[in-house]
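Working notes for the structure below.
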Amino acid sequence: MIDTKEIALAREHPRGTERRRLLPYREALNDLAAYAALSESDRDVIARWAETRRLIKVDYAIDHDPTNLADPLLPEERLRAHVLAGECAVAGRVGFVDPGGDLIAAVAAVRRT
């Protein structure tokens with residue numbers, strides 16, 4: 001579960017927080033094989049941030065702004081799709097249908113297979 005402190009930080013400083021959380025995983029965010037090669041704990045960091053992004057998008061309308069060329073956020077939907085595709089690659093699963101909602105729960109469903 002994402003706590004209120006994480007939501008507040010993400011809401012107040014979305015771009016800086018995203019950069020700090022995801023910069024170590026730059027290659028994995030651009031390549032599914034690199035994502036799949038990460039340890040589960042590293043993939044959890046990415047999935048947790050992606051879920052945080054979903055929450056601030058839904059509750060505060062904070063998401064990628066195509067007019068902000070200097071410091072853009074990754075589009076939440078693209079980040080979510082990449083996480084789920086990467087988890088499917090790790091699990092050797094094809095045809096997973098994203099149920100929407102809580103991404104951490106969706107990742108757990110993929111990993112159960």
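Some points to look at:
- Share of alpha-carbon pairs per 5 Å distance bin for the chain, given as whole %: 2, 12, 24, 25, 20, 12, 5, 1, 0
- Accessible carbon and sulfur surface of the chain relative to its total accessible area, %, 1.4 Å: 55 percent
- Inter-site label distance for Arg93 and Ala81 at 7 Å from Cα along Cβ, in nm: 1.9 nm
- Residues of the chain: accessible area per residue with a 1.4 Å probe, Å²: 57 Å²
- Neighbours of Ser41 by Cβ distance under 15 Å: Lys/Arg scored +1, Asp/Glu scored -1, total 0.
The values are calculated or read from the model by the stated rules, or taken from the named source; none is laboratory data. All of these numbers come straight from a predicted model, not from anything done at the bench. We place every Cβ from the backbone using ideal geometry, glycine too, and count neighbours over all the protein chains shown. For the accessible areas, the whole protein counts, side chains as well, though only heavy atoms, and no ligand, DNA or RNA atoms are used. Shrake-Rupley method; radii C 1.70, N 1.55, O 1.52, S 1.80 Å.
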